[in-house]
Amino acid sequence: MRSLLLLAVAASLTAQDGATGDNWPSYGGTHAAWRYSALSQIHRGNVGRLVPVWAFQTGDSHNGLQATPIVIDGVLYLSTSNNWAFAIDAASGRQIWDYRFPLPKEAPMYGAQNRGVAVGHGRVFMGTADNHLVALDQKTGRELWRVNLQDTRQCGCNITAAPLVVKDKVVVGGTGGDSAHRGYITAFDARTGRFAWRFYVIPGPGEKGHETWPGESWRFGGGAPWMTGSYDPELDLIYWGTGNASSDLYAGSRRGDNLYTASIVALEPATGKLRWHYQEVPQDVWDYDAAYECILADLPVRGRMRKLLLHASKTGYTFVLDRTNGEFLAAWPFAKHISWIAGIDEGGKLVGRREPVVGKQTLVCPGPAGAKSWNQAAFSPRTGWVYTPVMELCANLVARPQEPEIGKVFFGGMALPAPLPDGRMGYGYLAAFDAVTGRKQWTYDYPYYLLASILATAGDLVFTGDPEGSFFALDARTGAKLWSFATGGGHRGSSVSFAVGGRQFIATPSGWGSIVGANPEGIWPGVKFRGGSTLFAFALPEESPR
Amino acid sequence: MMALALLLAQAAGEDIFARGAAVFRKTCATAYCHGPEGSAGRAPQLAGRRFPRRQLTAVIREGIPNTSMPGFKDQLSSDDLNAVTAYVASLATAAAPATAAGTAPAKPPAPPAAARGRDLFFDPARLPNCGVCHHLDGWGIAVAADLGAVRPSNIAALRQVRPARVKTAQPRDEPPFPAVAVDSARGETRLWDLTAVLPVLRSFRPEEVTLADGSPWSHAAATRLYSDPELEAILAYLRWLPRPR
């Protein structure tokens, strides 16, 4: 090979390495969820010459393509919204195998969508819209086992997140936080599918924390952990974010802290036992899930190296915790419009709650869609910055007492988008923040919302896509746009980087969809973001100098 | 009233459906509610469903008590109310799957003992619960006997039942496990693996596994999380359920 991959040496900013290399082995890149690639063949000086190498059209364009591809040893693994799965040759885009999970005719609760597969133990794992976990043979796509976690009609829940492979287990978190449901994380033996443990987000009778739920409210209290967790192999801890308390806007029947909703939990992989928790929003009445990605980075805080967990949530704050014990270190705002509280004090306590009221509108920022959606931020060890996709939005909330009905929507009120103080209905941007202090470094502005994940690379580049179909690269240090390509479909998934035979690729899904993705069309009439379901792979032209 | 509004709107040259679509988009289609064109968000799907006009008008004006659906009679002008009602009615012809999301009918009310038995049967707070292997009354996973046909006479019988269909699977590369055969089609042998609390539907190549009659698996172990009074309530539920035709 006449070109050499320049593997960037990770800056001495961090001790542990969460970077990916030739492979993209897990939903967040590695288990540390940095979404950062150490590959730097593509860099600021040559990204302007990036060209499309291949496109793969899945054929399942309902609700767009929202997945993160996994790439291992030159094979790319992808799932679609209706639970099709593909293995694709990562250099050429040619299909190796495909699989379709037989979903029932009934439309799934909240629509069909899927954020990706996990790969390990010779298997490809996928959660389904009807609450199954299925394992496929990695080489052939043949189904090996499937488990029904609980009848989806009963729980009003399903799996949309990518599973997480941790040692000999595969772990999944489910949805259902807007249903009358008690959320859970479940672990299975990766090889056989046999049940290993279930962590209920809401403690049962006799368990510590159960006293934070009056009466029977614990049975329907939500806390759905509906995204993908992270894992620290040295500490041997799984970290997972949990969802909002139910009913979302009305807490009349659940006066109490409502543990462990809107929290980060640290679990022991062998047993699912809770080691520690940190609750971001006690008695959540704003639909403020804490379900998003947990970025694990070792960084200096006040002069001392700490093992951190960085967590941006719907609240508009990024929480900085010590991941060995859950100690609160800091919370820095990443959004401008935050009115649900006056602030967070030095101990993490919320100050000045502005809660929805029964029967009357209360203007609250951010609205229930959150200052950030589930599309992931990226952390670069070279800059020490977290590249965060931000939504500025407010809502008029009206709470309504509601009786829980198993498996049915349990929202407890109504939320309508409301204008920001400057009169706009909302807008978005990608901003770079210092990971520990939250000091903003630069902003890339956008008139609507940016709802794709961010990818950072050692070439000092940051990649993402917008709902109008543009996939683009920014200078990681300045935010200047260096390259773009019109993919035609809106971006609601996660781009990745990988290498095959010494050639670095950047691959992105395209095709608009999702629940929050439907919001802009109501807010900006006449704006249409295009669906589709296509994966694009880009690289430097073959003959160009590296 | 609707027909008059329609006539007046048409006389005025206005497209009532376009106005209704605009109102719907602004007020109803938020993803926390009915979704774009009624395709479903966190509220029931409207697309492809036909509602009696009187009911539709009443629900839009007054809301539905004890749910998240508010009434809009004080929030929208009467022109907007008429327009959005006409628009939602027009969604009846939109494409829709066989059963719309969020619209399953509520379960019929049961007498107290049977209702308690139903709650216990499907209790998600205990694993295993009966619903993990039995599909019944619209819920549950269909692994074991169809309880529509089989009714144990007392709780001792319930605990002690030893189904002949539970056999022992002997895979080539792992220890034997209790299994229920599913099928052997398309060059694959599919079995339910009953080792752990959730049954696993596993697929083997036919040469990778054999099935032998008999198994140490027992229904007593599967029902271990239920006390005798709880099983009595479950029996009451099974007796209350209508027999299938």
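A few notes on this one:
- Checked against (1) of a type in the set (A, V, I, L, M, F, W, C); (2) part of a loop (DSSP other than H, G, I, E, B); (3) in contact (Cβ under 8 Å) with a residue 40 or more places away in the chain; (4) surrounded by fewer than 24 Cβ atoms within 10 Å (Cβ to Cβ), A:ALA129 meets all criteria but (4).
- Filter result (over 25 Å from A:ARG400 (Cα atoms) and of a type in the set (Ser, Thr, Tyr)) within segment A:298-356: A:TYR317, A:THR318, A:THR324
- A:PRO404 vs. criteria in contact (Cβ under 8 Å) with a residue 24 or more places away in the chain, touching a helix residue (DSSP H, G or I) at 6+ places or on another chain (Cβ under 8 Å) and not charged (D, E, K, R): yes
- Taking residues in segment A:369-397 that are within 14 Å of chain B (Cβ to nearest Cβ), and partners anywhere that are part of a strand (DSSP E or B) and hydroxyl-bearing (Ser, Thr, Tyr), the pairs with Cβ atoms closer than 9 Å and at least 6 places apart or on different chains are A:MET391/A:TYR427; A:MET391/A:TYR429; A:LEU393/A:TYR427; A:ASN396/A:THR362; A:LEU397/A:THR362.
- Boolean, B:PRO199 is at pLDDT 95 or above and in contact with a strand residue (DSSP E or B) (Cβ under 8 Å, 6 or more places away or on another chain): yes
- Number of the exception - A:ALA196 against (1) buried (at least 24 other Cβ atoms within 10 Å of the Cβ); (2) within 11 Å of chain B (Cβ to nearest Cβ); (3) in a strand (DSSP E or B); (4) modelled with pLDDT of 95 or more: (1)
- Identity of the residue in segment B:1-22, part of a helix (DSSP H, G or I) and modelled with pLDDT of 75 or more, that ends up nearest to the other protein chains (Cβ to nearest Cβ): B:ALA22
- Criterion (buried (at least 17 other Cβ atoms within 10 Å of the Cβ), in contact with a Pro (Cβ under 8 Å, 6 or more places away or on another chain) and farther than 25 Å from A:GLY176 by Cα) met by exactly one of A:LEU321, A:LEU350: A:LEU350
- The lone criterion from (1) under 28 Å from B:GLU37 (Cβ atoms); (2) more than 14 Å from every other protein chain (Cβ to nearest Cβ) left unmet by A:TRP97 is number (1).
- Subset of segment B:108-150 (residues that are in a helix (DSSP H, G or I) and either within 11 Å of chain A (Cβ to nearest Cβ) or closer than 19 Å to B:LEU194 by Cβ (or both)): B:ARG118, B:ASP119, B:PHE121, B:CYS130, B:GLY131, B:VAL132
- Members of segment A:346-363 found to be closer than 26 Å to A:LEU329 by Cα and either out of contact with any Asp or Glu (no Cβ under 7 Å at 6 or more places or on another chain) or of a type outside the set (Val, Ile, Thr) (or both), listed by number: A:GLU346, A:GLY347, A:GLY348, A:LYS349, A:LEU350, A:GLY352, A:ARG353, A:ARG354, A:GLU355
- Tally of residues being in a strand (DSSP E or B) and within 18 Å of A:LEU535 (Cα to Cα) across segment A:440-465: 4
- Residue in segment A:343-368 that is farthest from the other protein chains (Cβ to nearest Cβ), counting only those that are free of Cβ contacts under 8 Å to residues at least 12 places away in the same chain and under 27 Å from A:ALA432 (Cβ atoms): A:GLU346
- Among residues of segment A:406-439, those that are surrounded by fewer than 17 Cβ atoms within 10 Å (Cβ to Cβ) and at the interface with chain B (Cβ under 7 Å from one of its Cβ atoms), counted: 0
- The condition of being at pLDDT below 90 and either under 27 Å from A:ASP130 (Cβ atoms) or hydroxyl-bearing (Ser, Thr, Tyr) (or both) holds for B:LEU91.
- Residues that are among the hydrophobic types (A, V, I, L, M, F, W, C) and either over 19 Å from A:VAL134 (Cα atoms) or in a loop (DSSP other than H, G, I, E, B) (or both), drawn from segment A:97-109: A:PHE101, A:LEU103, A:ALA107, A:MET109
- Filtered residues of segment B:23-80 (kept if within 13 Å of chain A (Cβ to nearest Cβ) and among the basic types (Lys, Arg)): B:ARG25, B:LYS26, B:ARG42, B:ARG49
The values are calculated or read from the model by the stated rules, or taken from the named source; none is laboratory data. Everything quoted here is computed from the prediction, not taken from an experiment. Cβ coordinates were reconstructed from backbone atoms using ideal geometry, including for glycine residues, and neighbour counts include every protein chain displayed.
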